[in-house]
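What follows draws every value from the coordinates through simple rules; no lab data is involved. From a predicted model like this one, the values you see are computed outputs, not experimental measurements. Reconstructed Cβ throughout: ideal geometry from the backbone, glycine too, with neighbour counts over all protein chains shown.
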Amino acid sequence: MLGESDVRLTAWVHGYVQGVGFRWWTRSRALELGLTGYAANKPDGRVQVVAQGPRESCQRLLELLNSGKTPGQVDKVIADWSQPADALTGFTER
């Protein structure tokens with residue numbers, strides 16, 4: 001159920017982030033924060049992270065993605081904020 005303060009974070013993670021457990025790690029952090037969404041490998045080597053929930057929780061996930069404590073090596077994260085769109089259930093790896 002989406003709340004009034006909920007947002008959608010779409011983060012494009014650049015670096016060595018495929019084949020290193022990055023999506024699993026992101027899913028674990030997102031679930032701890034109570035977020036819904038997914039983490040998906042893209043053909044160009046990036047991982048797309050889409051998370052919906054309270055702005056504070058999405059902001060915390062973004063901080064974790066930028067923390068340097070992720071699997072692999074994150075070079076940069078491009079974040080886009082928007083209103084929540086379709087309701088997402090759970091947090092999955094795609």
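Stretch Arg94-Gln18 to full length: gain in nm at 0.36 nm per residue minus the Cα-Cα span?
Extra length from Arg94 to Gln18 when fully extended: 26.2 nm.
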Subject >> Helix 55-65 axis, angle to the chain major axis (alpha carbon atoms, nearest 10°) >> reply: 0
Subject >> Test item: Cα-centred dipole of the chain, Lys/Arg +1 and Asp/Glu -1 on Cβ, debye >> reply: 280
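Where does the chain land at 222 nm, in deg cm²/dmol rounded to the nearest 500, when only DSSP H runs of n ≥ 4 count, each adding -39500 (n - 2.57), divided by all residues?
-7000 deg cm²/dmol
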**OP:** Extending each Cα 7 Å along its Cβ direction at Arg55 and Asp80, get the distance between those two points in nm, one decimal.
**Re:** 2.0
Subject >> Degrees between helix 22-32 axis and first principal axis of the chain (Cα, 0 to 90, nearest 10) >> reply: 30
Subject >> Contact order normalised by residue count of the chain, Cα under 8 Å, 6+ apart, percent >> reply: 46
Original post:
Which one of Gly53, Ala87, Asn66 is farthest out on the positive end of the charge dipole of the chain, using unit charges on Cβ (Lys, Arg +1; Asp, Glu -1) and the Cα centre as origin?
Top reply: Asn66
Subject >> Low-density loop positions, trypsin sites (Lys or Arg not before Pro), segment 1-69 - DSSP coil, at most 15 other Cβ in 10 Å >> reply: Lys69
